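Each value in this text was obtained by applying a stated rule to the coordinates, not by laboratory testing. All values derive from a computational prediction rather than experimental measurement. Ideal geometry is used to build each Cβ from the backbone, glycine not excepted, and the neighbour counts take in all protein chains shown.
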Amino acid sequence: MSLRIVVTVKYVPDATGDRHFADDLTVDRDDVDGLLSELDEYAVEQALQISENSDDDVEVTVLTVGPEDAKDALRKALSMGADKAVHVEDDDLHGTDALGTSLVLAKAIEKAGYDLVISGMASTDGTMGVVPALLAERLGVPQVTLLSEVSVEDGTVRGRRDGDAASEQLEASLPAVVSVTDQSGEARYPSFKGIMAAKKKPVQAWDLSDLDLEAGQVGLEGAYTVVDSATERPARTAGTIVKDEGEGGKQLAEFLASQKFI
Amino acid sequence: MAEVLVYVDHVDGAVRKPTLELLTLARRIGEPVAVALGAGGADTAAVLGEHGAVKVLTHDASEYADYLVVPKVDALQAAVAEVSPAAVLVPSSAEGKEIAARLALRIGSGIITDAVDLEAGDAGPVATQSVFAASFTTKSRISKGTPVITVKPNSAAVEAAPAAGAVSELSVTFSAQATGTKVTGRTPRESTGRPELTEAAIVVSGGRGVNGSENFAIIEALADSLGAAVGASRAAVDAGWYPHTNQVGQTGKSVSPQLYIANGISGAIQHRAGMQTSKTIVAVNKDAEAPIFDLVDYGVVGDLFDVVPALTEEINARKG
Ligand SMILES: Cc1cc2nc3c(=O)[nH]c(=O)nc-3n(C[C@H](O)[C@H](O)[C@H](O)COP(=O)(O)OP(=O)(O)OC[C@H]3O[C@@H](n4cnc5c(N)ncnc54)[C@H](O)[C@@H]3O)c2cc1C
Ligand SMILES: Cc1cc2nc3c(=O)[nH]c(=O)nc-3n(C[C@H](O)[C@H](O)[C@H](O)COP(=O)(O)OP(=O)(O)OC[C@H]3O[C@@H](n4cnc5c(N)ncnc54)[C@H](O)[C@@H]3O)c2cc1C
């Protein structure tokens, strides 16, 4: 038996940098360093653990849709231990929305071949948290999403989803789309050996035509949403800061009373 | 006037506050028609009617509780077919976003998530989003299909606006995918008696500086003196001092209360992502250089073990 896992990983601007928008109101990717979205490291980690815990022959492919630099995200995932990578890159992808992204990812997942797709819970830039559900809808397979615990056995994926009202145990047959939260377990650091090995691992490059897609289906042109404006939030006016010299609690109560909170 | 579908988040007929906020926003763009699924759906009609729902479409089936997400998408799609709405509004919970996304794909529409405001525009509803950890505000709209928009809690004040709230049964045929993901077990969360974190008007949070689960009692005491919800930073959650369901931030809850009080929290970007839109921000931190002080309306540089109990005592005394 063999199990083919595709992990979707996004290349995003570093959240600790000064992120902003370009003139066309897409994310400015030139000014801030990019990296593998930290929440996708958890997806890679779970794929590797499923692989390590399985008697089957497991192949882990990492997949990204993004500009040239997005290779860095793939390299990071390969150095953690993934077997191979797919990079979908095309100038016409600039400005793609969530629906377009899920279309490209679904086509690439089908082309790569899969039994299980693992995604992060949300990207750290768009933070929509919708791509895994969209992939399940497009691929016509079960979504087993937002798991804080996941396991795969005999063609069945099981996991725990911690929601607001309840914690739920879920189960579905493969093929399926899974997404994992940052409660699923710390992601490993790439070892030196892993980093060296990653350099030799294959990175396949596909463009839109490889996926039988046309420019008009993606990018700004194909988007179903339009951003009309993006304005930087005005800096908060400097607040009052006091040092506690025994009266800090009282002073704070005074402030809260002045604002009618008490 | 055009109808606007509002997906109802309820627990056994008790409507959660974000849904009532959606009804307020929906009235800006049309006449709200609510969709209440599962057990107790019909019991929601009175409160939904009081808040502006002209119609309440209900449907109950065991599939809603026994399988994940898809049965609700099937029902919402049936409602869209019946009503031909001008827009579909869904609360921005984790599940709400997944339902909305799959619906948008099926009906050939775009999706906007986590809107913090909504207004009518010449080319359809205009949504305000707060992005990049609330450092930018964007205005967006959907250019193809019926706008599907998810809205964050606390994005509008709940307003009463009595309407008919006439209940009618929705006819739903479940898709082949509906039973794909089975819910094999469910452990309901125990109620603490405190307000819901995302809906609370005041949130009192503790971070690594609280230094131990037993010390969270002083954070809870302050919260209780203000009728507030309790939040925690990821550092406090990861240390096992407080449940993950109370985590505030990028991978926890995003809150937007009238007042946020951060105690022993440094203010990392991922924490700020979940609380930066709070109206008034207060922090207690012993480090005058902590980044959280860049955000505050009022800050106390001091030891939380001195300041927080003194504050609680003062509040309780004033309440007399
Ligand atoms: C600030 C901002 C706001 C946006 N708002 C909207 C909006 O309202 N509507 C809209 O349609 N689009 C929006 N977009 C665009 C949208 O974020 C991207 O098109 C996108 O890649 C999908 O959404 P996400 O990044 O939020 O992914 P999420 O749904 O949060 O991502 C979940 C998981 O999907 C996978 N994934 C997502 N993108 C990729 C990728 N490119 N390559 C590989 N794996 C991936 C990852 O595993 C990730 O962890 C916005 C983008 C930004 C930066
Ligand atoms: C992908 C990703 C997602 C994340 N998501 C989240 C999230 O959702 N929420 C979140 O909170 N974090 C999140 N984080 C973690 C975040 O980066 C920070 O590590 C975390 O917020 C730090 O928590 P803290 O402020 O409690 O701890 P610290 O940064 O250690 O700060 C503790 C503060 O307490 C102060 N202090 C100590 N003792 C006292 C005392 N006695 N009295 C007063 N002050 C005292 C210190 O001066 C310090 O400022 C995420 C990180 C990543 C990478």
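Based on alpha carbons, the Rg and Dmax found for chain A are 21.5, 70 Å.
The alpha-carbon of B:Lys286 sits under 22 angstrom from the alpha-carbons of these lysines, leaving out residues fewer than 8 places away in its chain: A:Lys243, A:Lys250. Calculate the tail of P(r) for the range A:151-262: the fraction of all Cα-Cα distances greater than 20 Å, expressed in %. The answer is 79 percent, as a whole percent.
For the range B:89-166, what does the alpha-carbon gyration tensor say about shape, rounded, prolate or oblate, given a ≥ b ≥ c as the root eigenvalues, a/c under 1.5 as rounded, and a/b over b/c as prolate? Walk me through the numbers before you get to the answer.
Numbers: a/c = 1.35, a/b = 1.09, b/c = 1.24.
Judged from the Cα gyration tensor, the range B:89-166 comes out rounded (a/c under 1.5).
Taking Lys and Arg as +1 and Asp and Glu as -1, the other residues whose beta-carbon sits under 10 Å from that of A:Gly17 total -3.
How high is the FRET efficiency between B:Ala123 and B:Val158 when r is their beta carbon distance and R₀ equals 30 Å, given to the nearest 0.05? List each step's numbers first, then the result.
Values: r = 28 Å, r/R0 = 0.94.
Step by step, r from the Cβ atoms, then E = 0.60.
Given the protein assembly as shown, what percent of its DSSP beta bridges are antiparallel, to the nearest 5? Here the antiparallel bridges make up roughly 35 percent for the protein assembly as shown.
For the range B:42-194, the alpha carbon convex hull comes to 160 Å³ per residue, rounded to a whole number.
Taking amide hydrogens as placed 1.01 Å from N in the peptide plane, the amide H of B:Thr280 sits under 5 Å from those of B:Leu259, B:Tyr260, each at least 5 positions away in sequence or on another chain.
Once you reduce the range B:1-22 and the range A:158-206 to the center of their Cα atoms, the two points are 34 Å from each other.
Other chains near A:180-187: what is the mean number of their Cβ atoms within 10 Å of each residue's Cβ? Spell out each step's value before the answer.
Numbers: counts 0, 3, 8, 5, 0, 0, 1, 0.
The shielding value for this peptide is 2.
Got a sec? How would B:Thr280, A:Thr124 order by Cβ neighbour count within 10 Å, fewest to most?
Placing the least packed residue first, the sequence is B:Thr280, A:Thr124.
So how much slack lies between A:Asp91 and A:Ala238, counting 0.36 nm per residue of separation and subtracting their Cα-Cα distance, in nm? Walk me through the numbers before you get to the answer.
Numbers: separation 147, 0.36 × 147 = 52.92 nm, distance 4.30 nm.
Contour length minus the Cα-Cα distance gives 48.6 nm.
Cross-link reach is defined here as a Cα-Cα straight distance under 15 Å, omitting same-chain residues fewer than 8 places apart; for A:Lys84 the aspartates and glutamates meeting it are A:Glu45, A:Asp57, A:Glu59, A:Asp72.
Going by C-beta contacts inside 10 Å, put B:Val183, B:Val301, A:Val12 in order with the fewest on the left. Write down the numbers at each step before the final one.
Values: B:Val183 16, B:Val301 20, A:Val12 25.
Starting with the residue having the fewest Cβ neighbours, the order is B:Val183, B:Val301, A:Val12.
Computed per residue of chain A from DSSP H runs no shorter than four, each worth -39500 (n - 2.57), the mean residue ellipticity at 222 nm is -8000 deg cm²/dmol. Each label point was placed 7 Å from the Cα along the Cα-to-Cβ direction; for B:Ser213 and A:Glu110 their separation is 4.8 nm. Straight-line cross-link reach from B:Lys152 at under 30 Å between alpha-carbon atoms covers these lysines, not counting any fewer than eight positions away in the same chain: A:Lys10, A:Lys260, B:Lys17, B:Lys55, B:Lys72, B:Lys97, B:Lys139, B:Lys144, B:Lys182, B:Lys253, B:Lys279. Residues of the range A:243-262 with an amide N closer than 17 Å to a point placed 7 Å from the Cα of B:Asp303 along the Cα-to-Cβ direction: A:243-250. Applying D = kT/(6 pi eta Rh) to the range A:1-84, where Rh is the Kirkwood radius over alpha-carbon pairs, T corresponds to 37 °C and eta to 0.692 mPa s, the Stokes-Einstein value obtained is 238 µm²/s. Computed over the range B:138-265, the P(r) curve from all C-alpha pair distances, binned at 5 Å from the origin, holds 2, 8, 14, 14, 14, 12, 12, 11, 7, 5, 1 percent per bin. One Cα centroid belongs to the range A:112-149, the other to the range B:255-292; the line between them spans 31 Å. Our note on the geometry: Cα centres of the range A:51-92 and the range B:94-158, 31 Å apart. Between A:Asp207 and A:Asp14, the C-beta separation translates, for a Förster distance of 30 Å, into a calculated FRET efficiency of about 0.70.
Relative to the current alpha-carbon distance between A:Ala165 and A:Asp69, full extension at 0.36 nm per residue lengthens the span by 30.5 nm.
Based on other C-beta atoms within 10 Å, arrange B:Ile29, B:Ile112 from fewest to most.
Details: B:Ile29 24, B:Ile112 28.
The order, fewest Cβ neighbours first, is B:Ile29, B:Ile112.
Each peptide in B:172-181, A:241-250 was scored by the mean count of other Cβ atoms within 10 Å over its residues; highest first, the order is B:172-181, A:241-250. Taking only alpha carbon atoms, the protein assembly as shown gives an Rg to Rh ratio of 0.96, where Rh is the Kirkwood radius. Amide H contacts of B:Gly121 (H built 1.01 Å from N, in plane; Pro and chain starts excluded): B:Val126 sit under 5 Å, all sequence-distant by 5 or more or on other chains.
If you count the DSSP beta bridges with both ends in the range B:1-144, what percent of them are antiparallel, to the nearest 5? Provide the component values of the computation, followed by the final result.
Numbers: 11 of 24 bridges.
Around 45 percent of the beta bridges assigned by DSSP in the range B:1-144 are antiparallel ones.
Local charge for B:Ala163 was computed over the other residues whose Cβ lies under 13 Å away, with Lys and Arg +1 and Asp and Glu -1, and equals -2.
Output needed for the range B:43-97: three equivalent-ellipsoid semi-axes, defined as square roots of 5 times the C-alpha gyration tensor eigenvalues, in descending order, whole Å. Walk me through the numbers before you get to the answer.
Details: eigenvalues 76, 42, 33 Å².
Over the Cα atoms of the range B:43-97, the semi-axes work out to 19, 15, 13 Å.
Secondary structure note: in chain B, about 20% of the DSSP beta bridges are antiparallel. Per residue of B:137-150, other chain Cβ atoms within 10 Å of the residue Cβ number 4 on average.
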